[in-house]
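Computed from the coordinates by the stated procedures, all read-outs in this text should not be read as laboratory data. Predicted, not measured: the structure shown is a model, and the values here were computed from it. Heads up, the Cβs are rebuilt from the backbone with ideal geometry, glycines too, and the neighbour counts pull from every protein chain shown.
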């Protein structure tokens with residue numbers, strides 16, 4: 001934006017106003033507005049910066065900025081439309097880079113976060129920056145500011161390689177038990193176990209410091225001198241103070257990652273909304289912002305890592321049009337180390353803790369739009385209405401709450417369609433459970449059913465279930481066939497077909513745990529893979545960079 005503003009500030013008042021309207025309102029000026037501003041500019045009653053600030057904070061501009069990115073891409077309005085859906089920290093960094101050519105420092109961030117807290121609008125923040133002395137100096141300069149130079153690789157400090165782990169989410173989140181949290185801790189543990197002598201530097205925001213310290217506490221205790229945790233809301237501070245030679249960014253939605261100055265590897269697990277536009281239509285404005293982040297962050301990445309060939313081909317090469325040489329596939333591993341640390345509780349103790357008595361099957365997953373809980377409920381009801389189902393007394397256990405969750409209406413409708421109150425009562429939403437209790441949940445289940453319509457890699461419950469010697473049934477997804485080509489010993493199904501799913505639940509129940517050895521043999525390639533193996537693959541990529 002500063003380049004465009006720098007250009008139009010050199011024009012005469014008439015051309016300045018015509019271009020200003022195009023830049024901020026994406027239209028030609030109306031006669032009244034044009035002559036009102038021109039008269040004030042000609043007489044010196046208003047400065048050009050004041051004219052910019054005035055239009056920025058108009059009601060019309062707010063309507064323009066809050067619609068999805070549209071119109072001429074070579075306008076400031078298009079940039080602001082792209083930034084408006086961002087979290088506060090991401091937005092603040094975006095406008096500083098756009099208007100001042102630098103990331104905000106600590107005092108800038110603190111000041112602007114407080115301003116937002118007290119009601120300053122997003123357009124108001126932009127107006128304040130335009131009016132600042134720093135912006136005025138840039139606009140008066142002979143040339144626009146030089147772009148920020150970002151390293152692409154090569155230069156490293158002496159001694160061991162310092163790897164940055166980037167966990168700077170734009171908002172406060174929960175990482176304990178979530179996929180990203182578990183992924184990055186296991187990968188960090190694997191990297192520290194290698195003979196490379198890596199030092200890890202974990203960066204997080206102030207709001208997520210406590211959560212970050214919690215998930216890394218065991219690893220930190222065992223690696224006091226090699227694992228360090230930092231926190232700041234300013235990317236300027238992070239770039240200057242953390243001695244990372246290369247960064248690992250575990251999630252594509254962390255917008256602050258695009259402001260890293262050192263080379264980075266970004267992990268793109270999936271862009272599920274691209275595969276189900278109708279399912280995600282309600283929140284598509286948010287996902288369009290995520291997609292713009294994905295495009296920016298992957299474009300500047302040294303390497304983009306995918307969990308599967310399917311996601312590399314679709315998300316990477318097709319959706320984002322990345323060159324093949326910029327992509328790598330690194331499959332995840334079974335959670336051997338994690339489950340070994342957790343262990344599992346005695347059966348009676350576990351069942352008492354959760355009041356979970358009798359036989360049950362489970363789908364351990366948070367409720368998301370594509371997880372397909374409602375069809376599994378329909379299928380389970382069909383199974384329980386059969387002679388085998390009535391005799392089984394099986395319960396169906398979910399590890400999330402139903403209230404205020406995605407697809408609540410559809411899931412509730414599936415539950416209300418169940419006429420038998422006993423079957424309805426056998427479907428349990430037990431809420432989020434501690435990750436330390438997951439091995440026990442798998443261990444004492446009669447089986448695990450994975451109905452999800454889509455995953456970025458082989459669904460975690462498949463390998464977690466087999467690791468605890470519990471049989472599994474799952475939907476036939478191309479992504480699973482990459483790692484389990486022989487599905488003959490699994491009760492698989494079309495995830496869109498509840499009747500077929502019900503038949504698979506019957507097969508799963510009849511086979512029981514006797515089928516586990518052959519299922520484990522079929523998935524042996526994935527089950528035998530450790531997080532040290534995953535870390536070794538990342539080390540190979542780091543070495544290339």
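Provide Rg and Dmax in Å for the stretch 244-380, with only Cα atoms included in the calculation.
Cα radius of gyration and Dmax of the stretch 244-380 are 19.4, 56 Å respectively.
Could you tell me the relative contact order of the chain? Use alpha-carbon pairs under 8 Å, at least six residues apart, and round to a whole percent.
Worked out over the chain, it gives 12 percent.
Before rounding to the nearest 500, sum -39500 (n - 2.57) across all DSSP H runs of length at least 4 in the chain and divide by the residue total; then give [θ] at 222 nm in deg cm²/dmol.
Dividing the helical sum by the residues of the chain leaves -14000 deg cm²/dmol.
Based on C-alpha coordinates, I'd like the Rg and Dmax of the stretch 2-140, in Å.
Cα only, the stretch 2-140: 14.6, 43 Å (Rg, Dmax).
Tilt of helix 122-131 relative to the longest C-alpha principal axis of the chain, in degrees (0 to 90, nearest 10)?
30 degrees
Could you state the angle between the C-alpha long axis of helix 498-511 and the longest principal axis of the C-alpha atoms of the chain, as a value from 0 to 90 degrees rounded to the nearest 10?
50 degrees
Tilt of helix 373-385 relative to the longest C-alpha principal axis of the chain, in degrees (0 to 90, nearest 10)?
Tilt relative to the chain: about 20 degrees.
One quarter of the convex hull surface, Cα atoms only: what value does that give for the stretch 339-527 in nm²?
Over every viewing direction, the Cα hull of the stretch 339-527 projects on average to 10.1 nm².
Kindly rank 520-533, 80-93, 340-353 from highest to lowest mean number of other beta carbons found within 10 Å of each residue.
Listed from highest to lowest mean packing, they are 80-93, 520-533, 340-353.
Counting other C-beta atoms within 10 Å, which of 75, 214, 204 has the fewest, and how do the rest follow?
Listed from fewest to most nearby Cβ atoms, that is 214, 75, 204.
How big is D for the stretch 417-494, in µm² s⁻¹ as a whole number, if Stokes-Einstein is applied with the Kirkwood radius of its Cα pairs at 25 °C and 0.890 mPa s?
174 µm²/s
If the convex hull of the alpha-carbon atoms of the stretch 469-545 is projected onto planes in all directions, what is the mean projected area in square nanometres?
The orientation-averaged projected area of the Cα hull of the stretch 469-545 comes to 6.4 nm².
Rg and Dmax of the stretch 180-269 over Cα atoms: what are they, in angstrom?
12.6, 34
Once every Cα of the chain carries one equal point scatterer and solvent is ignored, give the base-10 log of I(q)/I(0) from the Debye formula at q = 0.05 Å⁻¹, two decimals.
-0.26
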